[in-house]
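Notes follow the structure.
The values are calculated or read from the model by the stated rules, or taken from the named source; none is laboratory data. Computed from a predicted model, the values in this text were never measured in an experiment. All Cβ positions, even for glycine, are placed from backbone atoms using ideal geometry, and neighbour counts span all protein chains on display.
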There are 4 protein chains.
Amino acid sequence: MDAMPATPFRPRSSYPAWTTITTRWHDNDHYGHVNNVVYYSWFDTAVNGWLIANGLLDLHDGDRIGLVVASGCDYAAALAFPQAVEIGVAVARIGTSSVTYHLGVFAEGAEDAAAQGHFTHVYVTGAERKAAPLPEAWRTALSAIAAR
Amino acid sequence: MDAMPATPFRPRSSYPAWTTITTRWHDNDHYGHVNNVVYYSWFDTAVNGWLIANGLLDLHDGDRIGLVVASGCDYAAALAFPQAVEIGVAVARIGTSSVTYHLGVFAEGAEDAAAQGHFTHVYVTGAERKAAPLPEAWRTALSAIAAR
Amino acid sequence: MDAMPATPFRPRSSYPAWTTITTRWHDNDHYGHVNNVVYYSWFDTAVNGWLIANGLLDLHDGDRIGLVVASGCDYAAALAFPQAVEIGVAVARIGTSSVTYHLGVFAEGAEDAAAQGHFTHVYVTGAERKAAPLPEAWRTALSAIAAR
Amino acid sequence: MDAMPATPFRPRSSYPAWTTITTRWHDNDHYGHVNNVVYYSWFDTAVNGWLIANGLLDLHDGDRIGLVVASGCDYAAALAFPQAVEIGVAVARIGTSSVTYHLGVFAEGAEDAAAQGHFTHVYVTGAERKAAPLPEAWRTALSAIAAR
């Protein structure tokens with residue numbers, strides 16, 4: 001893709017947390033590269049995976065879940081199966097009950113991001129899924145991966 | 001989802017073109033509503049479907065394809081299989097070789113949008129996929145669904 | 001695809017229940033036709049959609065869900081976005097707690113099936129998800145769409 | 001899932017080739033485990049990935065591609081994001097232009113298969129995608145991972 005973004009993408013050093021994701025045959029679309037939609041599945045995977053790995057999100061016994069209220073992505077270079085990708089995660093903003101993450105998509109080992117995005121979760125509790133203030137343990141853990 | 005957007009979403013009347021999409025069992029995620037990623041697959045489907053239906057994009061004999069360089073979505077209300085969705089499409093901006101679309105996601109028959117997004121295609125030609133100015137026929141057709 | 005199945009596929013008349021599904025841009029894979037995996041998402045959608053529409057499966061207040069224990073598909077002809085597909089559903093066998101469905105995939109309006117498959121659900125109840133005998137209401141409804 | 005298959009699944013030792021795949025947030029469906037459809041995307045990924053890694057399938061300069069004409073899967077135990085899976089691949093039968101693969105799905109490090117499947121590719125050449133006899137290099141490479 002030759003449509004370079006006006007501003008350079010954030011560097012690897014701005015992301016404190018990382019997840020490696022293997023691509024799949026059908027991540028590629030008709031044009032032979034990873035479909036733009038798939039990047040968002042990587043965002044979801046990287047953020048929720050980090051929350052689970054750090055003991056915050058518990059799908060079975062937890063008292064809160066994250067609902068996505070906004071997301072976006074800018075794309076600079078194509079990716080394709082079978083290459084693996086590395087997703088960088090950083091916390092850009094912690095609100096009362098919401099968190100905005102910055103995400104960077106890198107081909108495995110690549111210096112420059114192929115894409116970068118953002119993703120805002122509102123954390124809700126209960127059967128009626130009402131936004132609820134983030135507990136202190138969440139704030140502490142999230143602050144540890146603040147965007148640099 | 002109780003995190004209402006600060007600004008009301010665009011109304012149905014702002015979208016000149018429409019596509020109805022049936023939802024699928026696995027559009028729903030663990031939380032029992034359509035996963036945020038799926039909305040972007042609807043954007044891709046609505047825009048490319050409109051381009052094909054209007055004789056602009058031809059996957060077999062055409063000379064140009066659209067690559068996504070930016071997208072984004074704001075979510076206000078949950079959707080769930082088995083309900084169908086209606087996607088409104090409007091052209092927000094026509095550049096030399098790029099087009100930005102506005103998209104609205106509505107539960108079938110609903111007055112208010114459940115989500116709204118944007119999506120920018122750069123149209124490229126040739127094996128090396130270089131951005132190329134949009135032909136007049138494209139400009140005319142795209143102008144006919146300009147955002148109202 | 002020129003690999004025709006040894007036995008002709010089941011005709012439209014063998015399927016008592018039908019669902020129309022719209023295809024999506026990224027149902028197509030690198031080769032420009034609907035990826036083989038996507039057909040299984042249509043099976044899931046057609047069967048669960050039928051169960052919901054007929055008041056058997058209730059994702060919010062129901063006491064049983066269906067888990068897939070076996071599935072399969074034979075493919076004869078390619079399909080591609082943006083065409084819609086019609087999925088025929090028939091009940092091939094009702095066991096104590098399981099049901100095997102036959103499925104036929106037809107391009108919209110086509111006489112011959114593009115693919116046909118089977119799909120076995122075991123119906124389970126409770127938090128431990130134990131197989132449980134099908135209630136009489138289920139047997140009656142399922143018998144009404146027995147394979148012809 | 002308590003519906004155990006009548007026959008034990010093939011052991012790890014029957015699969016000569018292996019691929020590790022990371023799961024994704026939305027592999028899980030409403031019921032909180034990996035949706036049955038996703039397993040087929042792993043089959044596609046493991047087989048095509050092996051063909052590419054072994055220099056047989058070349059998506060850009062190759063002269064033949066594989067089209068799926070049949071597939072199937074039996075499921076014994078649930079899997080769920082965020083666990084990774086290991087896919088075993090074995091060649092069960094080499095025909096003139098077709099190959100049937102056996103596939104085993106194992107939770108990372110698990111002794112017993114969670115699911116097992118089969119998958120038949122017909123290899124075709126040219127714009128009209130006609131079945132063509134497999135070259136000797138393909139037969140040699142495929143024979144090296146014959147089912148044990």
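Check whether at least one residue in the range D:137-148 is out of contact with any His (no Cβ under 6 Å at 6 or more places or on another chain), farther than 21 Å from C:Cys73 by Cα, within 14 Å of chain C (Cβ to nearest Cβ) and touching a residue at least 24 places away in the same chain (Cβ under 8 Å), and report yes or no.
no
Please indicate, with yes or no, whether at least one residue in the range D:43-65 is surrounded by fewer than 23 Cβ atoms within 10 Å (Cβ to Cβ), of a type in the set (S, T, N, Q) and touching a Phe, Trp or Tyr at 6+ places or on another chain (Cβ under 8 Å).
Yes, some residue in the range D:43-65 is surrounded by fewer than 23 Cβ atoms within 10 Å (Cβ to Cβ), of a type in the set (S, T, N, Q) and touching a Phe, Trp or Tyr at 6+ places or on another chain (Cβ under 8 Å).
Between a first residue in the range B:14-36 that is within 14 Å of chain A (Cβ to nearest Cβ) and β-branched (Val, Ile, Thr) and a second residue that is buried (at least 20 other Cβ atoms within 10 Å of the Cβ) and in a strand (DSSP E or B), which pairs have beta carbons less than 8 Å apart while being 6 or more apart in sequence or on different chains?
B:Ile21/B:Val85; B:Ile21/B:Glu86; B:Ile21/B:Ile87; B:Val34/B:Asn28
Being under 15 Å from the mean Cα position of the chain (by Cα), among the β-branched types (Val, Ile, Thr) and under 27 Å from C:Ala46 (Cβ atoms) narrows it down to one of B:Val68, B:Val37, so name that one. Steps first, please.
On the way: B:Val68 fails: under 27 Å from C:Ala46 (Cβ atoms).
Checking each option against the conditions leaves just B:Val37.
Please find, among B:Tyr40, B:Tyr31, the residue that is within 30 Å of C:Leu57 (Cβ to Cβ), among the hydroxyl-bearing types (Ser, Thr, Tyr), part of a loop (DSSP other than H, G, I, E, B) and in contact with a strand residue (DSSP E or B) (Cβ under 8 Å, 6 or more places away or on another chain). Can you show your working first?
Numbers: B:Tyr40 fails: part of a loop (DSSP other than H, G, I, E, B).
From the options B:Tyr40, B:Tyr31, the qualifying one is B:Tyr31.
I'd like to know if the range B:124-138 contains one or more residues that are within 25 Å of B:Asp58 (Cα to Cα), β-branched (Val, Ile, Thr) and within 14 Å of the chain's Cα centre (by Cα).
Looking for residues that are within 25 Å of B:Asp58 (Cα to Cα), β-branched (Val, Ile, Thr) and within 14 Å of the chain's Cα centre (by Cα), one finds none in the range B:124-138, hence no.
What is the residue count in the range A:85-104 for residues that are assigned to a strand (DSSP E or B) and in contact with a Leu (Cβ under 7 Å, 6 or more places away or on another chain)?
Of the residues in the range A:85-104, 7 are assigned to a strand (DSSP E or B) and in contact with a Leu (Cβ under 7 Å, 6 or more places away or on another chain).
Tell me the residue from B:Ala53, B:Ala107, B:Ala92 that is closer than 22 Å to B:Trp138 by Cβ, more than 14 Å from chain A (Cβ to nearest Cβ) and in contact (Cβ under 8 Å) with a residue 12 or more places away in the chain, please.
Numbers: B:Ala53 fails: in contact (Cβ under 8 Å) with a residue 12 or more places away in the chain; B:Ala107 fails: closer than 22 Å to B:Trp138 by Cβ.
Answer to the check: B:Ala92.
Select, from A:Gly62, A:Gly55, A:Gly49, the only residue that is within 24 Å of A:Ala127 (Cα to Cα) and within 15 Å of the chain's Cα centre (by Cα).
Residue meeting the stated conditions: A:Gly49.
Of these, B:Val122, B:Val99, which one is without any contact (Cβ under 8 Å) to a residue 60 or more places away in the chain and within 11 Å of chain A (Cβ to nearest Cβ)? Outline the logic, then answer.
Working: B:Val99 fails: within 11 Å of chain A (Cβ to nearest Cβ).
Answer to the selection: B:Val122.
Taking A:Thr20, is it modelled with pLDDT under 95, loosely packed, with under 15 Cβ neighbours inside 10 Å and hydroxyl-bearing (Ser, Thr, Tyr)?
no
When the residues of the range B:56-78 are narrowed to those that are among the hydrophobic types (A, V, I, L, M, F, W, C) and farther than 23 Å from A:Gly117 by Cβ, which ends up nearest to the other protein chains (Cβ to nearest Cβ)?
B:Leu59
Taking the stated definitions as given, is D:Phe81 part of a loop (DSSP other than H, G, I, E, B), under 30 Å from D:Gly32 (Cα atoms) and either touching a Gly at 6+ places or on another chain (Cβ under 9 Å) or within 10 Å of chain C (Cβ to nearest Cβ) (or both)? Walk me through how you get there before you give the answer.
Values: part of a loop (DSSP other than H, G, I, E, B): yes; under 30 Å from D:Gly32 (Cα atoms): yes; either touching a Gly at 6+ places or on another chain (Cβ under 9 Å) or within 10 Å of chain C (Cβ to nearest Cβ) (or both): yes.
So D:Phe81 fits the description; yes.
Tell me the residue from A:Ile87, A:Ile145 that is β-branched (Val, Ile, Thr) and farther than 30 Å from A:His33 by Cα, please.
A:Ile145
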